[in-house]
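S.K.: The following block contains the structure, expressed as structure tokens.
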Amino acid sequence: MGIKGLTKLLADNAPKCMKEQKFESYFNRKIAIDASMSIYQFLIVVGRTGTEMLTNEAGEVTSHLQGMFSRTIRLLEAGIKPVYVFDGPPPDLKKRELAKRYAKRADATEDLTEAIEKGDKESIEKFSKRTVKVTKQHNDDCKKLLGLMGVPVVEAPSEAEAQCAALCKSGKVYAVASEDMDSLTFGAPKFLRHLMDPSSKKIPVMEFEMTKVLEELNLTMDQFIDLCILSGCDYCESIKGIGGLTALKLIRQHESIENILENMNKERYQIPDNWPYQEARCLFKEPHVYPGSEEPELKWSSPDEEGLVNFLVKENGFNIDRVTKAIEKIKAAKSKSSQGRLEAFFKPTVTGSVPIKRKGTKCMLGSFKQGNMPKIRSSPAFSHCQTEIHVGFSLHCEFLGSKHLSSSFPVLFFGV
């Protein structure tokens, strides 16, 4: 879910913190990407028709591989250096939210069965997407694919978005890319939306700058975190009747959730029982991420051509000619990116980015214990916890040509 209504709240109350950027403006930039979010997007769209999904000859779903392969090539051709960060075990506080998602998916499964019996194509399309979840196998497949492509993979100790933000704060990457706005709540200095949208050649990347968010809203980082908790986050319930705008007014007036609760009209607003807002605050302020001394080394390497052919063609039925051409695109793109950004040698000029125009609380619970050394892979699949994500998404799908597809079906790359 991320932070409920945060995009609109910022567009209306802090428009200078966000600007549209061209995809190519991130040439030679290192970008940390929320991998599981991207996989979910590919699963609900790429090759899907009703309940049917893109599969190989064995009947195994390959939509995630098709989407990840094509989209990563698109990033590399633009000179972007992606690093994909995968979720580790979720914090205990998030388990209630995950349980709600499980229940909603079960309800959607029942609705889908009914729609199929009635032959209601529109409802079938709607409910089938709601039943999708990212599994351990999907994650492992993509980790293996990215390793063979020579793209770094990081397995976070807990929340991927928190680890992405930590990499950005330490300067390991330029920005964080996701669709969930809580990347900002974790303190990512620069946050990008729509980077992984395969139609982003037409839809501009939306860039948010954290310092301008706080400056425009006239809040401290602690106050911004409290604002996000009040608006609605993944870690706890919100107070019914308080949306983003009301939350902003209350934070500006009272400065913290504690002060708001002391002055709140209890008859008008019902505070959830045993509301764990302090624990939620701690998860945003002190998330379980790798400490600076243990942050992963991010290394991009040449693609494993034989490995890619074996995995995509022999194991998953992709078209050999198209995979071979794709490998050449990867090699050419990596050669291009080695040129470096021009501003490394010349004084940078002002870009034509377009601003969007539209109408410290102390943590009381202590910090988390840090995990073991980071797991960074450029190798085949390895164990990983199950991840569940839900997000609205829309894109046009184009295929690399798996054997099971009709030979008359148009076969194209995402924007290449």
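Computed from the coordinates by the stated procedures, all read-outs in this text should not be read as laboratory data. The structure presented is a predicted model; accordingly, all values stated were derived computationally and were not measured. Note: ideal-geometry Cβ built from the backbone for every residue, glycine included; neighbour counts use all protein chains shown.
S.K.: Calculate, for residue 211 and residue 306, the FRET efficiency according to 1/(1 + (r/R0)^6) with r their C-beta to C-beta distance and R0 45 Å; round to the nearest 0.05.
M.R.: Between residue 211 and residue 306 the formula returns 0.45.
S.K.: Hey, another quick one. Quick check: from the Cα gyration tensor, does the stretch 133-206 come out rounded (a/c under 1.5), prolate or oblate?
M.R.: Oblate, since a/c reaches 1.5 and b/c is not below a/b.
S.K.: Quick one: which residues, 5+ away or cross-chain, put their amide H under 5 Å from the amide H of residue 175? H built at 1.01 Å from N.
M.R.: Residues meeting the criterion, in which the H sits 1.01 Å from N, are 32.
S.K.: Stretched out fully, how many nm does the piece from residue 22 to residue 133 gain, at 0.36 nm a residue minus the Cα gap?
M.R.: Working: separation 111, 0.36 × 111 = 39.96 nm, distance 3.07 nm.
So the chain would gain 36.9 nm between residue 22 and residue 133.
S.K.: Based on other C-beta atoms within 10 Å, arrange 74, 252, 268 from fewest to most.
M.R.: Neighbour counts put them in this order, fewest first: 268, 252, 74.
S.K.: Using the structure shown, list the pairs from 143/331; 94/144; 16/299 with a Cα-Cα distance above 23 Å, or answer none.
M.R.: As for pairs spanning more than 23 Å Cα to Cα, those are 94/144; 16/299.
S.K.: Rounded, prolate or oblate: pick one for the stretch 266-315, where a ≥ b ≥ c are the square roots of the eigenvalues of its C-alpha gyration tensor, a/c under 1.5 means rounded, and failing that, prolate if a/b is larger than b/c, else oblate.
M.R.: oblate
S.K.: Quick check: pseudo-label points 7 Å beyond the Cα along Cα→Cβ at residue 249 and residue 332, how many nm apart are they?
M.R.: Once both label points are built, they end up 5.7 nm from each other.
S.K.: Would you mind calculating the gained length between residue 240 and residue 314 on full extension (0.36 nm times residue separation, minus the Cα-Cα distance), in nm to one decimal? The partial results should precede the final answer.
M.R.: Numbers: separation 74, 0.36 × 74 = 26.64 nm, distance 5.35 nm.
In short, 21.3 nm is gained.
S.K.: Something else about it: Take peptides 273-280, 139-146 and line them up by average Cβ neighbours within 10 Å, highest first, as a rough protection proxy.
M.R.: 139-146, 273-280
S.K.: Please give, to one decimal in nm, the separation of the simple spin-label points placed at residue 203 and residue 279, each 7 Å out from Cα toward the Cβ.
M.R.: 3.5
S.K.: Considering only the other residues whose Cβ falls under 15 Å of the Cβ of residue 306, what net charge follows from Lys and Arg at +1 and Asp and Glu at -1? Working shown, then result.
M.R.: Details: positive: 144, 314, 331; negative: 304, 305, 315, 328.
Taking every other residue near residue 306 into account, the sum is -1.
S.K.: So for the stretch 185-284, what percent of the C-alpha to C-alpha distances run longer than 20 Å?
M.R.: Of the Cα pairs, 44 percent sit more than 20 Å apart.
S.K.: Looking at the stretch 151-286, how many pairs of lysines come closer than 27 Å at the Cα, when each pair is eight or more places apart or spans two chains?
M.R.: 21
S.K.: Let me ask something else. Just subtract the alpha-carbon distance of residue 286 and residue 264 from 0.36 nm times their residue separation and send over the number in nm, one decimal.
M.R.: Taking 0.36 nm per residue and subtracting the Cα distance, the gain is 5.2 nm.
S.K.: Apply the Karplus parameterisation 6.51 cos²θ - 1.76 cosθ + 1.60, with θ equal to phi minus 60°, to every residue of the stretch 242-250 and state each ³J(HN,Hα) to the nearest whole Hz, in sequence, with x for glycine and proline.
M.R.: Listing the rounded values in order: 10, x, x, 5, 5, 4, 5, 4, 5 Hz.
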